[in-house]
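The values are calculated or read from the model by the stated rules, or taken from the named source; none is laboratory data. In this text the structure is predicted, and so the values were computed from the model without any measurement. So basically every Cβ, Gly included, is an ideal-geometry build from the backbone, and we count neighbours across all protein chains shown. Accessible surface is based on the protein model in full, side chains and every heavy atom, while ligands, DNA and RNA are left aside. Shrake-Rupley method; radii C 1.70, N 1.55, O 1.52, S 1.80 Å.
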Amino acid sequence: MAVRPRHCTGSATMRLAQLVGQRIKEAPRDAQTASHIYLLRGGYCRPLSTGIYTLLPLGFRVASKVEAIIREEMNRVDGQEILMPVVQPAELWEESGRYQAVGQELLRFRDRNDKPMVLAMTHEEAVCHLARTELSSYKQLPCMVYQLQTKYRDEARPRAGLIRVREFTMKDGYSFHTSEACLQAYYERVHEAYARIFRRVGMRDCISIESDSGMIGGAVSHEFMAVADCGEDTIFVSPDGRYKANRECAISRPAYVTAAPEPLEKVATPGATSIEAVATLLGITPAQTGKAVFYRDAQGALVFVCIRGDIEVNESKLRKVLQSPQLTFANDAEIQAAGAVAGYASLLAIDATAVRVVVDPSFAASSNLVVGANEADFHMKGFNYERDLTAAQRAAITVTDIATVREGDPCPLSGEPLRLLRGIEVGNIFQLGTKYSAAMGVNYLDQDGKAKPMIMGCYGIGVGRTVAAVIEQNHDDYGPIWPMAIAPFHVHICALNIRDEAVRTAAEGLYRDLQAAGLEVLLDDRSEKAGFMFNDADLIGVPLRLVLSPKTLAEGKAEFKIRGQAEKSMLDLAEVVPFLKAQVAAALAE
RNA sequence: CGGGGCGUAGCGCAGUCUGGCCAGCGCGUCUGGCUUGGGACCAGAAGGUCGCGAGUUCGAAUCUCGCCGCCCCGACCA
């Protein structure tokens with residue numbers, strides 16, 4: 001096992017009677033997902049406040065093993081481990097612009113001298129400060145530093161145990177380069193390292209998908225998604241697996257209905273202010289209508305959006321188009337002030353040179369849509385974007401994809417229907433470029449003697465979330481079924497009737513011998529009923545179980561069972577140690 | 001931030017509408033006995049500012065007002 005500079009998994013052995021963290025029979029009512037239930041019931045973690053958890057010995061051991069694997073893989077791609085502060089001066093965040101840009105999830109406070117401080121939710125600012133101090137020459141690049149450190153995000157809604165928390169441990173890495181090509185090549189190496197990490201920790205189904213880079217910024221980014229029904233993210237995947245994307249940025253290749261333009265015609269649609277009502281009234285489908293949506297951007301300016309009636313606006317895409325971190329629906333008064341009639345608004349009557357207008361291709365390319373007449377109780381039939389707007393109008397309008405993809409929409413690559421999955425975001429990687437280095441003066445002197453901003457990448461993994469995701473993908477009705485690589489122990493010994501001298505002697509002997517053989521052993525040395533002990537063993541979920549009882553010892557044997565499998569077998573006492581050692585080695589080698 | 005729900009022993013809950021009886025039940029914990037292959041049984045015990053604070057009342061877990069915390073859905077989310 002690798003050396004663990006900061007965390008260690010503690011002793012290789014543990015007696016259940018002494019283990020801190022009771023198993024509990026009934027899960028707290030608020031625990032609803034498998035990982036939340038089993039982490040609490042199995043004595044892996046305990047809540048301290050909303051979204052803030054103590055890791056108990058079992059949970060800490062699992063998390064430490066995940067961290068050890070992460071360290072190995074980060075070191076393998078030439079990462080250098082460091083540790084940066086969680087408490088940081090606000091002025092550092094003002095430099096990057098995020099003190100203002102980030103919302104309330106950044107916890108702000110003042111120290112005793114009334115100096116504004118923050119609890120770091122990520123460490124781009126801190127690492128930039130480090131880089132501009134320590135890295136000054138192209139000869140030092142490229143390089144990557146990473147840390148396993150606490151992050152704090154004042155989440156609006158923590159949920160599902162360790163899946164979405166406020167305080168958590170994250171591996172975050174940052175790389176520095178002198179060229180985009182170098183960053184891209186390194187990004188690929190990290191991508192591969194991530195795939196190895198999630199495979200090694202025992203994730204069954206973890207995919208990397210294209211993602212929206214959100215508040216971190218940057219051009220190219222991927223999210224590693226553990227596929228699980230309880231996941232918070234919606235993912236679209238093509239049947240051939242070539243296209244995988246988060247709903248926030250997923251695109252499709254929709255077919256637009258085109259036909260010979262029909263004349264514009266005003267039709268009465270009394271009271272029909274919704275797409276559904278208009279379609280019903282006129283006997284058409286929502287796809288034959290055009291929808292008008294009004295937003296207010298971060299500066300408070302009105303934005304007019306048009307899209308085909310059956311398609312939802314994707315606000316992530318729209319935010320990106322508008323370069324506006326916040327968007328809210330405009331109210332009726334604001335819509336009226338722009339000269340539009342709510343419920344019957346139309347591009348036909350809006351001055352696109354005066355109001356920001358964004359149009360989805362589904363609206364611009366479809367023929368003969370029914371759109372608002374910009375007059376209460378009337379719509380227009382036969383709207384055709386090219387024909388019915390002046391060139392000046394069209395020149396002022398942004399036509400770009402702002403559509404929300406739906407399950408079954410055609411894949412942009414193959415045209416096959418896209419499949420919808422739910423995922424837990426366990427890791428993400430970004431090509432940041434110079435977003436932070438330019439803002440914060442992170443420069444190096446190049447060969448030509450000129451100062452240039454470093455080109456950066458950043459790479460995160462949520463440790464606790466990964467632990468939870470592994471349980472979501474590896475459990476049965478009794479508890480978790482840990483992959484050997486991150487199991488809290490390798491072997492769980494149940495000593496039935498421990499007061500029997502022969503049982504005690506044999507159990508203590510095996511406990512000692514297995515430990516000497518390099519295995520991590522949990523010994524249930526309590527004087528409990530067999531069923532009680534078996535249920536606790538299942539709830540803890542250690543991969544290998546050994547049972548010793550007067551019955552097995554009478555034959556000079558111990559019973560062996562693999563967690564998650566029904567078969568049991570009997571082992572001669574003499575072969576237990578080599579057999580289990582081989583089992584563990586084989587499982588770890590997978 | 002919007003909608004809904006909840007707060008009584010470590011966990012799960014009853015009691016609250018309709019104020020008054022010793023604040024109860026199951027699990028867990030402790031002691032003793034008995035039992036020992038899939039969550040046994042018997043006897044005894046510890047454990048509570050009934051979320052907090054005001055108020056009404058002779059009397060409040062219960063009624064009133066304010067506050068706090070927690071969960072779910074939505075919004076939001078490196």
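Only residues that are over 30 Å from the mean Cα position of the chain (by Cα) and without any contact (Cβ under 8 Å) to a residue 60 or more places away in the chain were counted across the range A:432-446, and they come to 0.
Taking the residues in the range A:271-315 that are among the hydroxyl-bearing types (Ser, Thr, Tyr) and either under 16 Å from A:Val371 (Cβ atoms) or surrounded by fewer than 17 Cβ atoms within 10 Å (Cβ to Cβ) (or both) as candidates, determine which candidate is nearest to RNA strand B (Cβ to nearest atom). The selected residue is A:Ser274.
Just wondering, is there one or more residues in the range A:376-399 that are hydroxyl-bearing (Ser, Thr, Tyr), closer than 23 Å to A:Lys266 by Cβ and in contact (Cβ under 8 Å) with a residue 24 or more places away in the chain?
Taking every residue of the range A:376-399 in turn, at least one turns out to be hydroxyl-bearing (Ser, Thr, Tyr), closer than 23 Å to A:Lys266 by Cβ and in contact (Cβ under 8 Å) with a residue 24 or more places away in the chain.
Here A:Ala558 clears all of (1) near RNA strand B (Cβ under 9 Å from one of its atoms); (2) in contact with a Gly (Cβ under 8 Å, 6 or more places away or on another chain) except the condition numbered (2). Would you confirm whether any residue within the range A:6-26 is touching a strand residue (DSSP E or B) at 6+ places or on another chain (Cβ under 6 Å), at pLDDT below 85 and closer than 28 Å to A:Val491 by Cβ? Among the residues of the range A:6-26, at least one is touching a strand residue (DSSP E or B) at 6+ places or on another chain (Cβ under 6 Å), at pLDDT below 85 and closer than 28 Å to A:Val491 by Cβ, which makes the answer yes. Scan the range A:166-208 for residues that are free of Cβ contacts under 8 Å to residues at least 60 places away in the same chain, surrounded by 15 or more Cβ atoms within 10 Å (Cβ to Cβ) and over 18 Å from A:Glu67 (Cα atoms) and the total you get is 1. The set of residues in the range A:45-66 that are hydroxyl-bearing (Ser, Thr, Tyr) and not in a helix (DSSP H, G or I) comprises A:Ser49, A:Thr50, A:Tyr53, A:Thr54. Is there a residue in the range A:156-176 that is farther than 19 Å from A:Ala469 by Cβ, of a type in the set (A, V, I, L, M, F, W, C) and more than 11 Å from RNA strand B (Cβ to nearest atom)? Looking through the range A:156-176, at least one residue is farther than 19 Å from A:Ala469 by Cβ, of a type in the set (A, V, I, L, M, F, W, C) and more than 11 Å from RNA strand B (Cβ to nearest atom).
Summed over the range A:539-586, residues that are closer than 12 Å to A:Val491 by Cα and under 35 Å from the mean Cα position of the chain (by Cα) total 11. Could we say that A:Arg41 is in the same structural domain as A:Phe168 (by TED's automatic domain parsing), within 16 Å of RNA strand B (Cβ to nearest atom), open to solvent by 20 Å² or more (accessible area, probe 1.4 Å) and under 30 Å from A:Gly541 (Cα atoms) here? Taking the combined requirement at face value, the residue satisfies it. Screening A:Thr390 with (1) open to solvent by 20 Å² or more (accessible area, probe 1.4 Å); (2) in contact with a Leu (Cβ under 9 Å, 6 or more places away or on another chain) gives one miss only, at (2). Between A:Asp240, A:Asp233, the distinction of being open to solvent by 70 Å² or more (accessible area, probe 1.4 Å), more than 23 Å from A:Asn384 (Cβ to Cβ), of a type in the set (D, E, K, R) and not assigned by TED's automatic domain parsing to the domain that holds A:Asn384 belongs to A:Asp240 only. One residue stands out among those in the range A:123-150 that are part of a strand (DSSP E or B) and in contact with a Lys or Arg (Cβ under 9 Å, 6 or more places away or on another chain): the one that is surrounded by the most Cβ atoms within 10 Å (Cβ to Cβ), which is A:Tyr146.
Criterion first (touching a helix residue (DSSP H, G or I) at 6+ places or on another chain (Cβ under 7 Å) and assigned to a strand (DSSP E or B)) does A:Leu162 satisfy it?
So A:Leu162 fails the test.
Give me the residue from the range A:44-66 that is more than 10 Å from RNA strand B (Cβ to nearest atom) and of a type in the set (A, V, I, L, M) and, out of that set, surrounded by the most Cβ atoms within 10 Å (Cβ to Cβ). The qualifying residue surrounded by the most Cβ atoms within 10 Å (Cβ to Cβ) is A:Val62.
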